Amino acid sequence: MKKISKLILSLTISLLMVLSLLACSRKKFTVNFYVDDTVYKTVEVESESTISDIEDPTKEDYKFVGWYLDANFVNNFILGETEVIKDINVYAKFERIIYTVTFKLGNGESDVVVNANSGATITLPTSPTREGYTFAGWYSDTTLNTEFTASTVVKSNTTVYAKWTFVSPS
């Protein structure tokens, strides 16, 4: 009986050693995270593991929307969920930030609303008319001090005001 117990103990220890060796020899894979055509970060991970601690990349005038397993942004790579089973490249997808520019005409007509890409300029609406006044330009502040022109770069939702100059009757 003692010999059987020693044999079972010996087999158990041997099995644990083999399992430990197998665990230690687990294959590692490389994951390259790309932003545009540049490697943003490279991570080495054990087979069938997930990655959960990659900081979202930033890109001026764009918002980060996720990681993908292909450059065409079809197959998601979900941090903390997608298991790595081979060396892979992962691609960051961004979408342009869109802002609203609201033109307040100040002549009783409805506002003109234009969508604008962040970091871009827009085409100004047709100059409005108002009886007894001359249109004197567009301004991005209610005090009508900061001019808004066709070369003004949009960086946020913006309200633009028409400036009017009174025309004296002759």
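Students often get this wrong, so check it: of LYS63/LYS155; LYS104/LYS155; LYS41/LYS93; LYS28/LYS63; LYS41/LYS63, which have C-alpha atoms separated by over 22 Å?
Details: LYS63/LYS155 13 Å; LYS104/LYS155 18 Å; LYS41/LYS93 15 Å; LYS28/LYS63 32 Å; LYS41/LYS63 18 Å.
Beyond 22 Å between Cα atoms: LYS28/LYS63.
What is the magnitude of the charge dipole of segment 37-106 about its Cα centre, with +1 placed on the Cβ of each Lys and Arg, -1 on the Cβ of each Asp and Glu, and no other charges, expressed in debye to the nearest 20?
620 debye
Would you please put 89-98, 68-77 in order of how densely packed they are, using the mean number of other Cβ atoms within 10 angstrom per residue and starting with the highest?
Details: 89-98: 16.8, 68-77: 13.7.
Per-residue mean Cβ counts within 10 Å order the peptides as 89-98, 68-77.
Every read-out reported here was derived from the displayed coordinates using simple, explicitly stated rules and does not represent laboratory data. This structure is a prediction, so every number in the text was calculated from the model and none was measured. Backbone-built Cβ (ideal geometry, glycine too); neighbour counts: all protein chains shown.
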